[in-house]
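Visitor: Submitted below is the structure of interest, expressed as structure tokens.
The values are calculated or read from the model by the stated rules, or taken from the named source; none is laboratory data. Given the structure is predicted, the values throughout are model-derived calculations rather than measurements. Methodologically, a virtual Cβ is constructed for each residue, glycine included, from the backbone with ideal geometry; neighbour enumeration extends over all protein chains shown.
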Amino acid sequence: MMMMGDTFGSIGSSMASLFFIWATIQQIFPNHMKIAIKEFLLSSFQQLCFAQRVSDHFTNLFSPYVEISFPESDEYRYNHAFSAIETYLGSKATEKAKHLKGSQLKESKGLVLKRDEAKVRDEYKGANVWWEIVTSTDGERSYKLTFHHRERSVITGSYVQHVVEEGKSIDTKNKKTKLFTNNPSSQWVFSQNMWRSIEFEHPASFETLAMDPEKKEEILNDLVAFSNGKEYYKKIGKAWKRGYLLYGPPGTGKSTMISAMANHLNYNIYDLELTAIKNNSELRKLLTATSNKSIIVIEDIDCSADLTANRIKKESNSTKEQDKDENAVTLSGLLNFIDGIWSACGQERIVVFTTNHLEKLDPALIRRGRMDMHIELSYCTYEAFKILAKNYLDLDDHLLFKKIKSLFMETKISPADVAENLMAKNHQIDVDGSLNNLIKALEKRKNYQRSQQDGKMKKTNKFRIFG
Ligand SMILES: Nc1ncnc2c1ncn2[C@@H]1O[C@H](COP(=O)(O)OP(=O)(O)OP(=O)(O)O)[C@@H](O)[C@H]1O
């Protein structure tokens, strides 16, 4: 197969020879003969170029090979297929490669070893293909894929897609997760700078999350089924997204669970601060700028903007409501994103709302189908305590566990407060000290809850006597 580079190479060497001959002629022949020789040489060179082009044309016409090119940028935009191909080829059989390249990128989890060879052969469903990186004269890089024309349907039908998807999935596995927060619109520059991000390094995991093991298993299975559900969502014709509503008192692990979700799935987190958004149009721009494989979080949704107002009241005053739509983030704006047309703009998105006050939320916002799973995170149970004891004290059992178990049955305490008592002082684990601290805290709380209960009882009795 004749390649473009080869053509330039052979024309270049012919030109060099011509210049050499011309320099020799200049010294040997008289002037009148030089002109005739020059004309002869020029016409020979033109014929040579023409012959070369014709030869290339015929070589390509009769060559059984097909080539596809994947340039690094396409119409001034970065071509993401290029980097996916690069990752895929880089990861291909590094153990067999003789030339490797090691790099530690800022956004990558560890040292990455890649194959560093210009040409790579690959095999797919019995078909052989060759990849080569080529650089044009103006420095533009592209990947050239060559294969036999009889494999055309398998290569264009599924191989190319397989390479791009595999490359993207390797990138996702290696990539560090990020935590994004929205900037106020005064800082946006032509749809840029909407979000600022930092590396997300929270160590939370489902293993260390203290909650009922069965419930935890159910959530974990749901998340995994979601992330593997591409074909399923396509089949049923629904946007590939899922909503989780996390509710419960403060310190029960709602934020910790979001971190565990992100770490488990390797998704980015977009922490959406609704109070920094002026209207629905800004909300829409922000949400469409989020990436796939991400968790969009609105924490304390009951406190975020005016989303809890009664819709019946709104409907009775629709013109006022329209004005408001343009000047504020409204419930309808948010609902529109969650399951309206905008939700289909992205793939593989999880939306999480958290609240301490479930009763304050508009039922439209949390109805099933929008928020697919309602997860209650509640006070610490003995089962949850055992997970915290394992995390903080590396302990499966202890003499004091029996007493602690009976106290948990009568006392409401958040996992955050339990964790606080078990936490090592000066990084030295002190099992007895920590467990005794916890027992004291539980007893104190038990007495407080009893006195509250007694107070309530007295009030009710007073009411009965004088009522
Ligand atoms: N279920 C839990 N499992 C493990 N640790 C927990 C759990 N709940 C709370 N904690 C600990 O308590 C701290 C506070 O918890 P977290 O912020 O997740 O609670 P929250 O429910 O989001 O609270 P808030 O409603 O006040 O935002 C965490 O950093 C974590 O150490």
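Visitor: Is it the case that K168 is basic (K, R), surrounded by 14 or more Cβ atoms within 10 Å (Cβ to Cβ) and more than 30 Å from L274 (Cβ to Cβ)?
Guide: yes
Visitor: For the stretch 424-451, which residues satisfy the criterion of being exposed (fewer than 14 other Cβ atoms within 10 Å of the Cβ) and within 15 Å of the ligand (Cβ to nearest atom)?
Guide: Of everything in the stretch 424-451, just one residue is exposed (fewer than 14 other Cβ atoms within 10 Å of the Cβ) and within 15 Å of the ligand (Cβ to nearest atom), namely A424.
Visitor: Something else now. What are the residue pairs meeting all of these: first residue in the stretch 187-212, first residue outside the structural domain of K390 (by the TED database) and in a strand (DSSP E or B), second residue at pLDDT below 90 and surrounded by 13 or more Cβ atoms within 10 Å (Cβ to Cβ), Cβ atoms under 8 Å, and 6 or more apart or on different chains?
Guide: Short answer, once both residue conditions are applied: W195/L286; W195/A289; W195/T290; E199/K176; E199/T177.
Visitor: Does E123 qualify as being surrounded by 14 or more Cβ atoms within 10 Å (Cβ to Cβ), part of a strand (DSSP E or B) and free of Cβ contacts under 8 Å to residues at least 60 places away in the same chain?
Guide: no
Visitor: Something else now. Working only within the stretch 377-408, note down all residues that are over 41 Å from the mean Cα position of the chain (by Cα), within 23 Å of P249 (Cβ to Cβ) and aliphatic (A, V, I, L, M).
Guide: Answer for the stretch 377-408, where residues must be over 41 Å from the mean Cα position of the chain (by Cα), within 23 Å of P249 (Cβ to Cβ) and aliphatic (A, V, I, L, M): I404, L407.
Visitor: Please specify each residue of the stretch 143-165 satisfying the condition of being surrounded by 15 or more Cβ atoms within 10 Å (Cβ to Cβ) and assigned to a strand (DSSP E or B).
Guide: Y143, K144, L145, T146, F147
Visitor: Which one of the conditions (1) without any contact (Cβ under 8 Å) to a residue 40 or more places away in the chain; (2) touching a strand residue (DSSP E or B) at 6+ places or on another chain (Cβ under 9 Å); (3) among the basic types (K, R) does K402 fail to meet, given that it meets all the rest?
Guide: The one condition K402 does not meet is (2).
Visitor: Just a yes or no: is a residue in the stretch 364-377 in contact with a Phe, Trp or Tyr (Cβ under 9 Å, 6 or more places away or on another chain) and modelled with pLDDT under 85?
Guide: The answer is yes; a qualifying residue exists.
Visitor: Go through (1) within 24 Å of T330 (Cα to Cα); (2) more than 15 Å from the chain's Cα centre (by Cα); (3) basic (K, R) and name the single condition K234 misses.
Guide: The single condition K234 does not satisfy is (1).
Visitor: Show me the helices (runs of 4 or more DSSP H) entirely contained within the stretch 217-312 in which 2 or more residues are farther than 23 Å from E199 by Cα and either away from the ligand (no atom under 16 Å from the Cβ) or assigned by the TED database to the domain that holds F200 (or both).
Guide: The qualifying helices (runs of 4 or more DSSP H) are 230-236, 280-288.
Visitor: Here's something else I'd like to know. Kindly indicate the residue of the stretch 344-374 that is within 16 Å of the ligand (Cβ to nearest atom) and buried (at least 20 other Cβ atoms within 10 Å of the Cβ) and also farthest from the chain's Cα centre (by Cα) among those meeting that condition.
Guide: T355
Visitor: To continue, here is another question. Return the residues of the stretch 411-423 that are within 15 Å of the ligand (Cβ to nearest atom) and within 24 Å of Q452 (Cα to Cα); say none if nothing qualifies.
Guide: K412, I413, S414, P415, A416, D417, V418, E420, N421
Visitor: A further question on this structure: When you check E140 against the structure, is it assigned by the TED database to the domain that holds N266, surrounded by fewer than 18 Cβ atoms within 10 Å (Cβ to Cβ) and more than 20 Å from N263 (Cβ to Cβ), yes or no?
Guide: Answer is no for this residue.
Visitor: Let me ask something else. Please give the number of the condition D138 fails out of (1) more than 30 Å from D271 (Cβ to Cβ); (2) at pLDDT 90 or above.
Guide: (2)
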